[in-house]
Structure formats: C-alpha cells, structure tokens
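Colleague: Can you read through this structure? Questions will come right after.
Only the coordinates and a few stated rules stand behind these numbers; no lab work does. Being a predicted model, the structure only gives us computed values, none of them experimental. Virtual Cβ from ideal backbone geometry, glycine too; neighbours counted across all protein chains shown.
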Amino acid sequence: MTEEKQKIFQEKVDRIAKASRLEKPDRVPFAPFTGIYPVLEYGVMPYDVMTDPRSAIPAMKEYLDEVQPDAAMRPPLPSIEYNDRLGATHMRWPGPEFGLPKHVSFQLLDTVYLEDDEYGDFLRDPAHFQLTRIIPRRYKSLAAFSKLNFENPTEGGSTGSIAAFADPELKQALLTAMAAGDDAVKFRARHGQVIQSIIEHGTPHYLNLGAVAPYDMFSDDVRGLMNTVIDMKERPEELLQALDYMTVVAVKQAKGLARALKATKCFIPLHGGVDEFMSNEDYGKFYWPGLKALMLALIEEGVVPLVFCEGNYFSRLDYLADVPKGKVEYMFEKVDMAEVKKKLGGVACIYGNLPNSLLISGTVQEVEDATKRLIDEAADGGGFIMNCSITLDNAKRENVLAWRDATWKYGQY
C-alpha cells in the first residue's frame with residue numbers, strides 16, 4: 001500500500017470508528033453493504049466468483065476506484081466446488097446443475113432436518129443428532145454418516161462404533177468429507193486474497209467474522225423457518241430447550257473465532273425476528289435472550305456486533321436499546337429511521353437504509369432527495385453510517401454515484 005493509500009485508509013477507519021462510538025466524524029461515512037453489485041456492474045459473473053473468488057478482484061478494484069466507499073466487503077458468495085462435492089440439498093447455485101443463469105446469486109432453501117417426532121432425540125444429544133441425521137440429510141454425499149453411532153460408552157459399544165468405518169459407503173463419505181475440507185481451505189484462502197486486495201486499495205474491509213442468532217441457527221439450519229414459528233405455540237418448552245443449547249453453541253463459536261481471527265467486528269444477520277413472524281411478547285421470550293447473550297459475549301471479547309435487522313423491525317426498538325452504550329451497531333431494512341434515532345441514537349450506531357428499490361428504478365434526483373431526507377432524520381449528532389436497505393445486488397450505476405455524492409454533500413458535520 002502506498003503512503004497516500006495508507007493515509008486514505010486510516011481516514012476511512014477513523015471515520016467509521018467515530019460513528020461507531022456515537023461521535024461525529026468529519027462527515028457521514030458512506031459504506032454500502034454490497035452483495036454481488038460490484039462484480040455484476042463491473043463485468044464479472046457470480047458463477048465465476050463462486051468457482052474462484054479471485055475472479056472478483058479486477059471488478060472490486062474498479063468499483064472501489066469509482067465509488068470510493070468508506071468500507072467495502074468481498075462478494076458474499078459460497079463455493080460451488082465444495083457444495084457440489086458434498087451434494088448440498090439446502091442450496092441452489094448458478095450454472096448447469098440447477099439451470100440458473102450465471103449472473104444470478106445462489107439460493108438458500110427452507111429445509112427441515114428435525115421432524116416433529118425427533119425433538120426428544122435432538123435434545124437428548126444434539127451433537128450426535130447433528131452428526132448422524134442433520135449432516136446426512138443436508139449433504140447427499142455424506143448420507144452414510146447416518147450409520148455412525150457413538151452413544152454407547154462401553155468397550156464393546158465402542159468396538160461396534162469403530163466397526164462402522166469398515167462400511168464401503170462410509171469410507172467413501174469420509175474421503176469425500178476430507179476432499180471437501182481441502183476445498184474449504186482453498187476457497188477461504190482465495191477469499192483472503194480478495195480481502196487483501198480491498199485493503200491494499202486503501203479501503204477497510206467491513207468485517208472478517210460472522211455469527212448467527214441462536215433462534216436463526218435453529219430455524220435456518222435445523223427445524224426450518226415455518227416449523228419453528230409453529231413450535232412457538234405447539235411445543236414452546238421443547239423449543240426453549242433447543243434455543244438454550246443453540247445459545248451455548250453460538251456463543252462458544254463466536255468467541256473462539258473472534259480470538260482466532262483477532263476480529264474487531266462481527267456481522268449478525270437477523271432472519272426470523274421480523275414483526276410478521278412473531279409477536280413482541282414471543283420475541284422477548286424466544287428470540288431476544290439468545291441474541292442478547294451472543295452480543296454481550298462478543299462485546300466481552302472487544303468485538304462490535306454489527307446487527308442487521310432484516311425486514312420490518314418497527315416493534316423491536318425497545319429490545320434493541322437494551323445493550324451497552326456505544327458497543328453495538330444496527331443496520332435496518334424497513335423501519336422509521338426518525339424513530340430509530342430517537343430511541344437508539346444515544347445507545348448504538350445506526351446504519352440506514354436508503355431503499356434498494358430506489359437505487360434500482362429511481363431517478364438521480366429521487367436518490368439525492370431521499371439521501372438528504374435520511375441524513376436529516378438520522379445523522380444529527382453523529383453515530384450514523386449511510387447504507388442501503390438490504391444487501392445490494394442490483395442498481396443503476398448513476399444512482400449509486402448520485403447517492404455517494406449526496407452523502408458527501410449533505411453529510412458534512
């Protein structure tokens with residue numbers, strides 16, 4: 001990194017850090033939370049990035065040169081090679097296997113790996129259930145893991161458990177898992193090269209750590225979204241026990257990764273806590289305790305939780321205010337930002353939330369007007385970062401530049 005780029009990099013770091021601490025930087029930071037927009041708009045297909053993340057580097061450099069954001073992120077795309085090798089059942093990706101065009105992102109499916117009559121088995125031994133039922137159901141190539149059984153601790157029982165590894169299908173599944181491990185390591189290393197290219201450009205990378213709220217961990221990856229919503233009414237005690245376990249898992253994993261990566265910020269997307277999916281009372285009972293425990297654990301590690309409140313979050317603001325002052329950042333998709341500023345402005349840094357629809361189909365003047373209005377509502381006194389409403393995949397380039405210019409113009413302190 002040149003001396004000039006190092007200077008620009010530090011200015012951006014300081015600008016974001018001051019906003020995070022509820023202070024006033026020189027201007028409102030402009031930090032669009034991008035998905036595949038930088039690669040699509042600058043000539044690279046998501047399929048190529050999912051094949052080799054390094055293919056994103058030229059497009060990212062063009063995006064950074066033109067847009068000049070105060071922070072950026074690598075395209076959040078998974079590995080086709082890894083998921084294809086494992087026979088993933090929870091995802092579809094671009095390319096011939098699923099008939100999706102190469103210019104679209106991946107798709108996650110609402111899958112169920114814990115059936116109604118299996119709660120008892122899961123709660124008795126969640127780790128064993130994960131190994132022998134969830135993994136075989138999620139990955140077709142690891143279906144033979146269902147033949148494993150390590151529940152019997154006696155000497156004879158362990159002999160039987162080890163004997164399962166003589167099964168040809170299980171041997172093949174283990175070989176496949178080892179190869180997928182190599183795929184994962186290679187893919188992560190290439191992601192690291194993309195991140196390094198962003199930093200060398202003189203732009204801070206948004207984050208190097210992600211976590212999932214315990215409710216979402218269970219809903220997304222074990223029970224399924226719709227079933228979990230129903231469970232709040234039909235089997236609440238079993239669900240609460242499952243969420244207690246998921247909270248232990250989420251906290252342990254986040255703290256371990258934070259230490260290993262020396263992370264300073266952790267992204268937490270909130271999927272199942274939107275207004276439409278549960279009452280405010282149920283949010284306080286099933287969703288908030290695990291999320292709060294995760295945030296407090298990260299804060300203890302010196303990590304700032306960057307919490308993305310997806311969907312409608314109008315009724316949750318009182319809960320979100322119950323965190324240590326100046327230690328959390330909240331992003332919002334759909335909410336009254338003036339009300340957010342009133343309730344959270346003295347508690348947490350807020351990111352808001354220019355509608356993606358406006359960036360896709362609005363005019364330059366409409367974008368400028370909306371940007372000014374958002375700054376008027378939420379930026380007074382600091383503690384505000386300009387962002388879009390949800391991960392940005394598509395937009396008119398002229399609208400993105402108009403948005404940037406309006407932030408620079410109206411966001412001076």
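Colleague: Evaluate the charge dipole of segment 30-134 about its Cα centre and quote only its size in Debye, nearest 20, assuming +1 on the Cβ of each Lys and Arg and -1 on the Cβ of each Asp and Glu.
Modeller: Dipole magnitude for segment 30-134 comes out near 300 debye.
Colleague: Using a Cα-Cα cut-off of under 26 Å, which lysines could be cross-linked to Lys24, ignoring same-chain neighbours fewer than 8 residues away?
Modeller: In chain and number order, the partners are Lys5, Lys7, Lys12, Lys265, Lys325, Lys327, Lys334, Lys341, Lys342, Lys343, Lys372, Lys409.
Colleague: Something else now. Would you work out which of Phe314, Met226, Tyr330 lies farthest towards the positive end of the dipole of segment 182-331? Charges go on Cβ: Lys and Arg +1, Asp and Glu -1.
Modeller: With unit charges placed on the Cβ atoms, the residue in question is Tyr330.
Colleague: Hey, can you rank 245-253, 283-291 by average C-beta count inside 10 Å, highest first?
Modeller: Taking the mean over residues of other Cβ atoms within 10 Å, the ranking is 283-291, 245-253.
Colleague: For Glu301 paired with Ala184, estimate the spin-label separation in nm (one decimal), with each label point 7 Å from Cα along the Cα-to-Cβ line.
Modeller: Label-label distance for Glu301 and Ala184, simple model: 1.7 nm.
Colleague: Could you size up the charge dipole of the chain around its Cα centre, putting +1 on the beta carbon of Lys and Arg and -1 on that of Asp and Glu, and report it in debye to the nearest 20?
Modeller: That gives a dipole near 1100 debye.
Colleague: Among 41-51, 13-23, how do they line up by average Cβ neighbours within 10 Å per residue, starting with the highest?
Modeller: So the order, starting with the most tightly packed, is 41-51, 13-23.
Colleague: Next question. Can you tell me the FRET efficiency between Asp116 and Ala143 if r is taken as the Cβ-Cβ distance and R0 is 22 Å, rounded to the nearest 0.05?
Modeller: E between Asp116 and Ala143, to the nearest 0.05, is 0.50.
Colleague: Considering all projection directions equally, how large on average is the shadow of the alpha-carbon convex hull of the chain, in square nanometres?
Modeller: Result: a mean projected hull area of 20.9 nm².
Colleague: Give the separation of the Cα centroids, segment 331-374 to segment 75-120, in Å.
Modeller: A separation of 32 Å, based on Cα centres.
Colleague: Suppose each label sits 7 Å from its Cα in the direction of the beta carbon; what would the Ile230-Thr159 distance come out to in nanometres?
Modeller: 4.5
Colleague: Could you give the size of the charge dipole of segment 145-235 about its Cα centre, using +1 on the Cβ of each K and R and -1 on the Cβ of each D and E, expressed in debye and rounded to the nearest 20?
Modeller: Approximately 160 debye in magnitude.
Colleague: Among His90, Gly273, Asn353, whose Cα projects farthest towards the positive end of the dipole of the chain, with charges put on the beta-carbon of Lys, Arg (+1) and Asp, Glu (-1)?
Modeller: Of the options given, the answer is Asn353.
Colleague: Next up: So if each residue of separation counts as 0.36 nm, and I subtract the Cα-Cα distance between Thr89 and Leu123, what length gain in nm does that give?
Modeller: Between Thr89 and Leu123, full extension yields an extra 9.9 nm.
Colleague: Go through segment 66-171 and name the GluC sites (Glu not before Pro) that are in a DSSP coil and have 16 or fewer other Cβ atoms within 10 Å of their Cβ.
Modeller: Glu97, Glu115, Glu151
Colleague: With unit charges on the beta carbon (Lys/Arg positive, Asp/Glu negative), name the residue among Phe187, Thr154, Leu209 whose Cα is farthest towards the positive pole of the charge dipole of segment 125-216.
Modeller: Result: Phe187.
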